[in-house]
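The values are calculated or read from the model by the stated rules, or taken from the named source; none is laboratory data. As the structure is a computational prediction, the values presented were derived from the model and not from experiment. Positions of Cβ are backbone-derived with ideal geometry, glycine not excepted, and every protein chain shown enters the neighbour counts. Note: areas computed on protein heavy atoms with side chains; ligands, DNA, RNA excluded. Shrake-Rupley method; radii C 1.70, N 1.55, O 1.52, S 1.80 Å.
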Amino acid sequence: MNFFTGVLGAKRLELLLQLVPKATTIAVLVNPNTTETEAERRDVQAAAQAVGRQLIILDVSSDRDIELAFATFAQRGAGALLVGSGAFFNSKRERLVALAARDGLPAMYAVRETVVGGGVSSYGSNVTDAYRQVGIYAGRILKGEKPADLPVMRSTKIDFVLNLKTGKALGITIPPGMLIAADEVIE
């Protein structure tokens with residue numbers, strides 16, 4: 001199940017560049033099999049162009065693709081990583097965190113749970129809020145409303161999460177303004 005929160009790629013890139021301002025080449029993982037990928041790709045490309053950053057965008061939809069992507073990022077000198085949204089990346093979060101740590105790549109993820117698991121930062125929809133909305137929909141359907149008559153809803157609660165321990169391990173000093181702006185700081 002996907003919870004579309006709108007295109008957040010530009011904001012994720014902005015926050016990642018605040019975290020790693022010297023990164024001139026940003027690695028980006030996107031899954032070509034999700035509906036939001038093209039909008040996310042365009043959003044990130046426009047944002048990177050506006051601030052003069054180079055992107056290495058790779059389509060990833062399998063474990064083998066992940067391994068090849070990280071080899072490519074290392075070879076091409078990526079200074080940070082932006083991981084796209086979607087269930088595939090959520091299901092691979094431990095592997096993504098491990099590879100980013102191995103390669104010393106500060107990364108921005110789409111869900112809080114990745115940061116709890118050792119990632120350095122995330123900006124994306126609050127999964128608990130999204131599930132709450134699903135419960136409301138289910139309740140309305142059980143009370144007799146037709147699913148086709150229900151409006152499309154988006155999760156409106158967005159979380160920005162930082163992991164200080166991971167930041168320190170990567171040699172990153174997290175700016176005070178980011179700490180203040182964060183919804184959650186994991187120490």
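If the reach is capped at under 27 angstrom between alpha carbons, list the lysines near K157, excluding any in the same chain fewer than eight residues apart.
K11, K92, K143, K146, K165
Quick one: among P151, P176, P32, which has the greatest mean-square fluctuation in a GNM of the chain with alpha-carbon springs under 10 angstrom?
Residue with maximal mean-square fluctuation among P151, P176, P32: P151.
Work the Kirkwood hydrodynamic radius out for the chain: mean of 1/r over every pair of different alpha-carbon atoms, inverted, in Å. Spell out each step's value before the answer.
Details: mean 1/r = 0.0588 Å⁻¹.
After inverting the pairwise mean of 1/r, the radius is 17.0 Å.
Computing the accessible area with a 1.4 Å probe over protein heavy atoms, can you report the carbon and sulfur percentage for the chain?
Roughly 54 percent of what the probe reaches on the chain is carbon or sulfur.
Dipole of the chain, Cα-centred, from +1 at each Lys and Arg C-beta and -1 at each Asp and Glu C-beta, to the nearest 20 debye? Before the final figure, lay out each step's value.
Values: 21 positive and 19 negative charges, 24 e Å.
That gives a dipole near 120 debye.
Between Y137 and Q54, what is the spin-label point distance in nm, taking each point 7 Å from the Cα along the Cα→C-beta axis?
Inter-label distance under the simple model: 4.2 nm.
Just the number, please: percent antiparallel of the DSSP beta bridges in the stretch 95-187, rounded to the nearest 5.
Details: 5 of 10 bridges.
Just about 50 percent of them are antiparallel.
Given contacts defined as C-alpha pairs under 8 Å and at least six residues apart, what's the relative contact order of the chain, whole-number percent? List each step's numbers first, then the result.
Values: 302 pairs, mean separation 41.4, N = 187.
Taking the mean separation of contacting Cα pairs over the length of the chain, I get 22 percent.
Tell me what the chain gives for mean residue ellipticity at 222 nm when only DSSP H runs of n ≥ 4 count, each as -39,500 (n - 2.57), the sum divided by the residue total, rounded to 500 deg cm²/dmol.
For the chain, the value works out to -13500 deg cm²/dmol.
Please compute the per residue accessible area over the stretch 123-187 with all protein chains in place, 1.4 Å probe, rounded to a whole number of Å².
On the way: 4290 Å² over 65 residues.
Ligands and nucleic acids excluded, the figure is 66 Å² per residue.
Given contacts defined as C-alpha pairs under 8 Å and at least six residues apart, what's the relative contact order of the stretch 1-112, whole-number percent? Present the calculation step by step, with values, prior to reporting the outcome.
On the way: 154 pairs, mean separation 37.7, N = 112.
After rounding, I find 34 percent.
Which length gain, in nm to one decimal place, applies between Q45 and V127 when the Cα-Cα distance is subtracted from 0.36 nm times their residue separation?
On the way: separation 82, 0.36 × 82 = 29.52 nm, distance 2.60 nm.
Taking 0.36 nm per residue and subtracting the Cα distance, the gain is 26.9 nm.
In degrees from 0 to 90, rounded to the nearest 10, what is the angle of the helix 9-19 Cα long axis to the longest principal axis of the chain?
Taking Cα atoms only, the helix is inclined about 40 degrees.
Whole-Hz Karplus ³J(HN,Hα) for the stretch 76-82, in order, using 6.51 cos²θ - 1.76 cosθ + 1.60 and θ = phi - 60°, x for Gly and Pro?
Values, residue by residue: 9, x, 5, x, 6, 10, 10 Hz.
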